[in-house]
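Q: Before I ask anything, let me first share the structure, which is written out below as structure tokens.
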Amino acid sequence: MKDKLKNMFKGKKKTENLIVLIVILIVTVVAINYIWSDNKKETDGIIKNDSIRDNLGIIQVNNKESTEDELELKLENILSKISGVGLVKVMITYSESSTLLPIYNEDSSVSNTNETDSNGGSRTIQETESQKEVVYKENVDGSKEPITQSISSPKIEGAIVVAEGAENAEVKTNIIGAIEAATGLATHKIQVFKMEEN
């Protein structure tokens, strides 16, 4: 390779070869810059989308999304695929949070004591002792996690939907029907509004 480069710069075509090399370098730099700018635009789009969600107060972007947020995201995804809906944001309200019923290791003992007093009376005393401890499983990383018997999902109280196509009565009806089917909410607990244009 070195020999070829040395030969390129020897003789009369030295200037022409130098120009060709500079043109190739410029094209390479422009191509790399173009590829990097496309990746940056995609990343900026994702960040912008998340900040829109934050500004609406509908969803907080976390590394671990709760099941409540997952339901909102699933609804947003499916509603946006309905004809005429367009961009959509969903907020679900809950009356209570999900509860976890762990498995307990119970140990109880009962002891009976019979006592007789000097007057001939007798009585029986019953003592009950019980211990109740949550049963844990140990994860690979050393952390402990309770073993659950059941998890009750939170009770959904209502839904607010903001959609671009909500001004159309048929689209609004379709949104309400989809939310009703997915959550089991009554129609009067689902509110649909037109999204503000930017």
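The values are calculated or read from the model by the stated rules, or taken from the named source; none is laboratory data. Worth saying up front: this structure is predicted, and the values here are computed from it rather than measured. Note that we place each Cβ from the backbone using ideal geometry, even for glycine, and neighbour counts take in every protein chain shown.
Q: Could you check segment 98-124 and list, in sequence order, the residues that are in contact (Cβ under 8 Å) with a residue 40 or more places away in the chain and more than 25 Å from Ile190 (Cα to Cα)?
A: Result: Leu100, Leu101, Pro102, Ile103.
Q: Condition (residue is touching a Leu at 6+ places or on another chain (Cβ under 6 Å), modelled with pLDDT of 90 or more and more than 30 Å from Tyr104 (Cβ to Cβ)) applied to segment 189-197: is it met by at least one residue?
A: no
Q: Here is a follow-up. Only one of these conditions is not met by Ser95: (1) in contact (Cβ under 8 Å) with a residue 60 or more places away in the chain; (2) surrounded by 10 or more Cβ atoms within 10 Å (Cβ to Cβ); (3) of a type outside the set (A, V, I, L, M, F, W, C). Which number is it?
A: Every listed condition holds for Ser95 apart from (2).
Q: Sticking with this one: Please find, among Ala159, Ala166, the residue that is in a strand (DSSP E or B) and assigned by TED's automatic domain parsing to the domain that holds Leu71.
A: Matching residue, one of Ala159, Ala166: Ala159.
Q: Exactly one condition in (1) exposed (fewer than 10 other Cβ atoms within 10 Å of the Cβ); (2) assigned to a strand (DSSP E or B); (3) assigned by TED's automatic domain parsing to the domain that holds Glu72 is false for His188; which is it?
A: In the conditions (1) exposed (fewer than 10 other Cβ atoms within 10 Å of the Cβ); (2) assigned to a strand (DSSP E or B); (3) assigned by TED's automatic domain parsing to the domain that holds Glu72, His188 misses (2) alone.
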